[in-house]
Amino acid sequence: MFIDRATLKRLAYQDILTGLMNRNGMDRFWSQYSGSGQIAVLFLDLDHFKDINDTFGHQAGDQLLKEVGVRLDQATSRHNEMVFRMGGDEFVIIIVNADLQRAEFLATCISEKLRPCITISGHDLFISGSIGISIAEASKSNRSKLLEEADMAMYHAKQLGKGCYTVFNNEDRRRYYKVSSGLVGKRSAN
């Protein structure tokens with residue numbers, strides 16, 4: 001079987017399961033990006049994904065990840081928003097020329113897109129995701145730091161009860177926003 005160079009190059013940067021860009025694609029983005037303005041990183045981890053894999057099998061988990069990929073692609077409809085599958089049930093969304101309001105709006109949209117039932121092999125599955133947001137001036141941004149801060153914020157979202165997002169903020173170290181169960185935009189107590 002012969003695979004041409006263009007196909008090999010595409011496969012190097014694309015996640016085979018979801019069709020989204022993969023970790024290599026994200027690395028390529030960072031190595032080529034030289035924009036100005038603010039850049040936002042949203043780190044998404046699906047809630048209870050391991051339970052779905054353990055209960056219904058990895059094939060059902062793969063089908064779920066494919067559907068999540070479709071829904072993330074639908075939620076990120078602007079040209080300055082990119083989605084990457086990091087592996088497993090972790091995704092990173094990067095917004096260039098972003099502000100905090102846009103990042104929070106996108107986190108809310110993603111939560112809403114994930115909410116509807118997904119039927120796989122006759123089973124109705126409900127999924128949510130915990131999202132951490134980090135934002136910085138592109139000229140001063142450090143990719144590792146942005147990813148680390150978004151990851152830390154995501155873990156805090158999981159601690160708050162999952163299905164919500166938190167925003168990492170350097171001034172007061174973090175701010176928390178609950179967006180599940182109809183609490184869109186309502187700040188949770190810390």
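Each value in this text was obtained by applying a stated rule to the coordinates, not by laboratory testing. Quick caveat, the model's predicted, so the values are computed rather than measured. Note: ideal-geometry Cβ built from the backbone for every residue, glycine included; neighbour counts use all protein chains shown.
Computed from the Cβ-Cβ distance with R0 of 35 Å, the FRET efficiency linking ARG115 to HIS58 stands at 0.90.
Between GLY57, GLY122, GLY161, the Gaussian network model of the chain with springs among Cα atoms under 10 angstrom shows the greatest mean-square fluctuation at GLY122. Sorting 136-142, 41-47 by their mean Cβ neighbour count within 10 Å, with the most densely packed peptide first, gives 41-47, 136-142. A cut-off of 5 Å between modelled amide H atoms, ignoring neighbours fewer than 5 places along the same chain, links SER128 with ASP47. Averaging the sequence gap over all C-alpha pairs within less than 8 Å and six or more residues apart, then dividing by the number of residues, gives the chain a relative contact order of 22 percent.
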